[in-house]
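Undergrad: My questions all concern the structure below.
The values are calculated or read from the model by the stated rules, or taken from the named source; none is laboratory data. What you see is a predicted model, and the numbers here were worked out from it, not measured in a lab. We place every Cβ from the backbone using ideal geometry, glycine too, and count neighbours over all the protein chains shown. In case anyone asks, the SASA skips ligands and DNA or RNA and just uses the protein heavy atoms, side chains included. Shrake-Rupley method; radii C 1.70, N 1.55, O 1.52, S 1.80 Å.
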Amino acid sequence: MAAPQRREQLIGVARSVFAERGYQGAAIEEIADRAGVSKPVVYQHFGGKEGLYAVVVDREVQRLTSAIAGSFDAVHPRLVAESAAEAFLSYIEEHEDGFRVLVRDAPVGASDGTLASVLDDVAVRAERLLVDEFGERGFDENTAPMYARMLVGAVALVGEWWLEVREPPREVVAAHVVNLLWNGLRHLEHAPTTLLRAERRSRRTVEDEI
């Protein structure tokens, strides 16, 4: 097998092993054994487990970001939400091992190339849309970063759950996600307060009067 083909084979095998075992549980010996090569061959291509893991994660990050990036070309915010949710779930459906690698443990000290870093990038894009929407609706634009991360985090958490149950179908899950998020955004309060805060405030008022 030529070097480029061998490298691709090792990346594919390693993706499966990292998905099953996590970074800490994966071993070069197992990756080499599944690929039918000796350990030195793996070291020759990637320098070690961390180098191989970095390549696998980078591939998945590129796949996921590419899948979601096109969503932001939509002309209406709801279409962006629908397209992004569908793209995220499609990635999970088509690249299950890759998503499992992203959500499992990473080397200590790793900050880039994780699901968190991908989601943060998506949240930054969503934040720009929300700033415009908030400005038009009279909401505080400074809260846009917080809301962007709420939305992206919700989709990611549902995605992790759906990875295990695989029902209902992807399109149905995406529709329900957008139903909650979009209608929630449409009915935002300008000055939100929790019922508990309102109740405490009412109690303090009564106590002061007494």
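Undergrad: Quick test for you: out of 208, 132, 121, pick the one residue that is of a type outside the set (Gly, Ala, Ser), open to solvent by 50 Å² or more (accessible area, probe 1.4 Å), modelled with pLDDT under 80 and within 18 Å of the chain's Cα centre (by Cα).
TA: Being of a type outside the set (Gly, Ala, Ser), open to solvent by 50 Å² or more (accessible area, probe 1.4 Å), modelled with pLDDT under 80 and within 18 Å of the chain's Cα centre (by Cα) holds for just one of 208, 132, 121, which is 121.
Undergrad: Filter segment 95-113 for residues that are at pLDDT below 85, surrounded by fewer than 20 Cβ atoms within 10 Å (Cβ to Cβ) and in a loop (DSSP other than H, G, I, E, B) and give the result.
TA: 104, 105, 107, 108, 109, 110, 111, 112
Undergrad: If I ask for residues that are surrounded by 15 or more Cβ atoms within 10 Å (Cβ to Cβ) and over 22 Å from residue 120 (Cα atoms), which ones from segment 42-85 would you list?
TA: Of everything in segment 42-85, those that are surrounded by 15 or more Cβ atoms within 10 Å (Cβ to Cβ) and over 22 Å from residue 120 (Cα atoms) turn out to be 42, 43, 45, 46, 49, 52.
Undergrad: Report yes if residue 149 is open to solvent by 60 Å² or more (accessible area, probe 1.4 Å), out of contact with any strand residue (DSSP E or B) (no Cβ under 8 Å at 6 or more places or on another chain) and modelled with pLDDT of 80 or more, otherwise no.
TA: Yes; evaluated as a whole, the condition is true for this residue.
Undergrad: Quick one: how many residues across segment 24-38 are within 16 Å of residue 10 (Cβ to Cβ) and either open to solvent by less than 20 Å² (accessible area, probe 1.4 Å) or touching a residue at least 60 places away in the same chain (Cβ under 8 Å) (or both)?
TA: Taking segment 24-38 first, the residues within 16 Å of residue 10 (Cβ to Cβ) are 26-38.
Next cut, either open to solvent by less than 20 Å² (accessible area, probe 1.4 Å) or touching a residue at least 60 places away in the same chain (Cβ under 8 Å) (or both) only: 26, 28, 31-32, 35.
Of the residues in segment 24-38, 5 are within 16 Å of residue 10 (Cβ to Cβ) and either open to solvent by less than 20 Å² (accessible area, probe 1.4 Å) or touching a residue at least 60 places away in the same chain (Cβ under 8 Å) (or both).
Undergrad: Here is a follow-up. Got at least one residue in segment 72-82 being of a type in the set (Phe, Trp, Tyr), modelled with pLDDT of 85 or more and out of contact with any His (no Cβ under 7 Å at 6 or more places or on another chain)?
TA: no
Undergrad: Among the residues of segment 178-200, is there at least one that is open to solvent by 90 Å² or more (accessible area, probe 1.4 Å) and either within 26 Å of residue 97 (Cα to Cα) or at pLDDT 75 or above (or both)?
TA: From segment 178-200, those open to solvent by 90 Å² or more (accessible area, probe 1.4 Å) are 180, 186-187, 189-190, 195-197, 200; that's our starting set.
Checking the rest, the ones that are also either within 26 Å of residue 97 (Cα to Cα) or at pLDDT 75 or above (or both) come to 180.
Yes, segment 178-200 has at least one match.
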